[in-house]
Amino acid sequence: QVQLVESGGGLVQPGGSLRLSCAPSGIGFSDSTLAWYRQVPGKQRELVAESTYRGFANYAESAKDRFAISRDNRKSTVNLQMDNLKPEDTAVYYCHAKYYGYTYWGQGTQVTVSS
């Protein structure tokens with residue numbers, strides 16, 4: 001059974017930082033493309049950052065220069081470091097894995113940026 005367990009969400013003030021972590025199980029971690037998406041009510045889920053199995057990182061324009069995705073192949077985790085957070089970053093953040101044509105989602109973790 002495939003599971004993507006996320007952690008690290010919460011409430012932070014504007015300008016603050018948060019680090020999200022996702023631990024996939026049941027798939028080949030090093031052969032997976034891993035990503036973080038986010039969604040706000042009434043809007044489509046959107047890609048924030050992606051780490052491909054070949055080691056490339058891709059970012060949404062809104063995340064460039066503020067967010068950094070990293071993967072630890074020893075611990076089988078993918079992390080999203082978010083700095084200089086803004087109120088518009090408030091959303092539910094989802095971990096996503098793509099493994100040999102199959103896709104999987106985590107349950108989501110809430111990030112709220114507010115003073």
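Things to note:
- Paramagnetic label zone (point 7 Å from Cα along Cα-to-C-beta, ASN73; backbone N under 13 Å) in the range 29-60: 29-33, 52-56
- In terms of its Cα atoms, the chain spans 41, 26, 23 Å along the principal axes, sorted from long to short.
- Here the Karplus curve 6.51 cos²θ - 1.76 cosθ + 1.60, taken at θ = phi - 60°, turns the phi angles of the range 59-68 into couplings of 10, 5, 4, 5, 9, 4, 6, 10, 10, 9 Hz, with x standing for Gly and Pro.
- The simple spin-label model puts a point 7 Å past each Cα toward its Cβ; for TRP105 and ALA60 those points are separated by 1.4 nm.
- The chain: relative contact order as a whole-number percent, Cα under 8 Å and 6+ apart: 36
- Sparse-neighbour loop sites [chymotrypsin sites (Phe, Trp or Tyr not before Pro); the range 1-69; at most 11 other C-beta within 10 Å; DSSP]: PHE56
- Using a probe of 1.4 Å, the accessible surface attributed to ARG45 totals some 90 Å² when neighbouring protein chains are kept in position.
- 16 Å Cα-Cα reach of LYS64 towards lysines, excluding residues that sit fewer than 8 places from it in its own chain: LYS86
- Placing unit charges on the Cβ atoms only, positive for Lys and Arg and negative for Asp and Glu, gives the chain a dipole magnitude near 140 debye about its Cα centre.
- The range 37-115: GluC sites (Glu not before Pro) falling in loop per DSSP and having at most 11 other Cβ within 10 Å: GLU61
The values are calculated or read from the model by the stated rules, or taken from the named source; none is laboratory data. Only a predicted model underlies this, so the values are computations on that prediction, with no experimental measurement involved. Every residue, glycine as well, gets a Cβ built from its backbone with ideal geometry; the counts of neighbours run over all protein chains shown. Side chains included, ligands, DNA and RNA excluded: accessible areas come from the protein's heavy atoms. Shrake-Rupley method; radii C 1.70, N 1.55, O 1.52, S 1.80 Å.
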